[in-house]
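The values are calculated or read from the model by the stated rules, or taken from the named source; none is laboratory data. Keep in mind it's a predicted model, so treat the numbers as computed, not measured. With ideal geometry, Cβ positions are generated from the backbone for all residues, glycine too; neighbour counts draw on all protein chains shown. Remember, those area values only see protein heavy atoms, side chains included, never the ligands or the DNA or RNA. Shrake-Rupley method; radii C 1.70, N 1.55, O 1.52, S 1.80 Å.
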Amino acid sequence: MKTIFARVHRTLWGVAAGVCLIGHAAPAKDLTAFELVKEGNRYVGEQSKDKVVQIRSEKSVGSMTPDIWYVVYYDPDAVLKAVEVKFGAGKKMEVKRPVRLLEPILKTDEPLPKEKLKIDSDKALEIACKEPLLGKLKLKASRLVLERRSLEDSTPVWKVRLWAARLKNPNDNADIGQVMISAEDGAVLGSELKPEHVD
């Protein structure tokens, strides 16, 4: 009887220890935009894999790194030439054919040049946050978009929009503008920052 009790006792302690380890496991690493492209390849056809037209996030919540991302791939078989995979915290949430009516007309529905996609979302965010005008601000949130620079220029660029804490009410965020960064070499191509918005 004592032997059975001892075995049950040890088993219960093992289960409890396992629960504690699971509860204190290290948080999962946030996937970057380019890592999500590879993940998204699993949910699109062969004709669309790695053929990225646009990557965009929603505004981040609770940290500077967004959790919700959309990867738009070129799909020659779709009516509007696109298939979109939505991710939440690195997990696939939805796959759909987005309504992109203007893109085919403006010729912005074609894949971005893969050989120029060298600066990932985490690096783009880091570069944007180092802009001198932001030195004294407490940055709170971001939203990133990777797309071609303009109708005439197919250079892929990151458009990083930033929010900072307001001076009078730090719990409130102010949109302070965006920084445009080359996805090829990380060069800052322009900025529309307005740090005075935190007043």
Is there a pair in LYS81/LYS116; LYS116/LYS136; LYS81/LYS194; LYS81/LYS118; LYS59/LYS116; LYS38/LYS168 whose C-alpha atoms are over 31 Å apart, and which pairs would that be?
LYS116/LYS136; LYS81/LYS194; LYS38/LYS168
At 1.4 Å probe size, what's the solvent-accessible area of ARG97? Round to the nearest 10 Å².
140 Å²
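Give the calculated FRET efficiency between ARG166 and ARG97 to the nearest 0.05, with a Förster radius of 45 Å applied to their Cβ-Cβ distance. Let's see the in-between values first.
Numbers: r = 40 Å, r/R0 = 0.89.
In this case the efficiency is close to 0.65.
Would you please report the Å³ per residue occupied by the convex hull of the alpha carbon atoms in segment 140-199?
Details: hull volume 4.4 nm³, N = 60.
That works out to 74 Å³ per residue.
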Taking θ as phi - 60°, what are the ³J(HN,Hα) couplings along segment 147-161 by the Karplus curve (6.51, -1.76, 1.60), each to the nearest whole Hz, with x for Gly and Pro?
7, 5, 5, 7, 4, 8, 10, 7, 4, x, 10, 8, 10, 9, 8
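On the protein heavy atoms, probe 1.4 angstrom, tell me the percent of accessible surface of segment 44-199 carried by carbon and sulfur.
Numbers: 4090 of 8270 Å².
Carbon-and-sulfur percentage of accessible area, whole number: 50.
Roughly what % of Cα-Cα distances in segment 60-167 sit above 16 Å, to the whole percent? Each step should come with its number before you reach the end.
Values: 3821 of 5778 pairs.
Value for segment 60-167 (Cα pairs over 16 Å): 66 percent.
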Within segment 174-190, whose backbone N sits under 17 Å from a point 7 Å along Cα→Cβ of THR155?
179-190
Based on Cβ point charges of +1 for Lys and Arg and -1 for Asp and Glu, what charge dipole magnitude is obtained for segment 56-199 about its Cα centre, in debye rounded to the nearest 20?
420 debye
Spelling it out for ALA141: with amide H atoms placed in the peptide plane at 1.01 Å from N, the residues 5 or more places away or on another chain with amide H under 5 Å from its amide H are TRP163
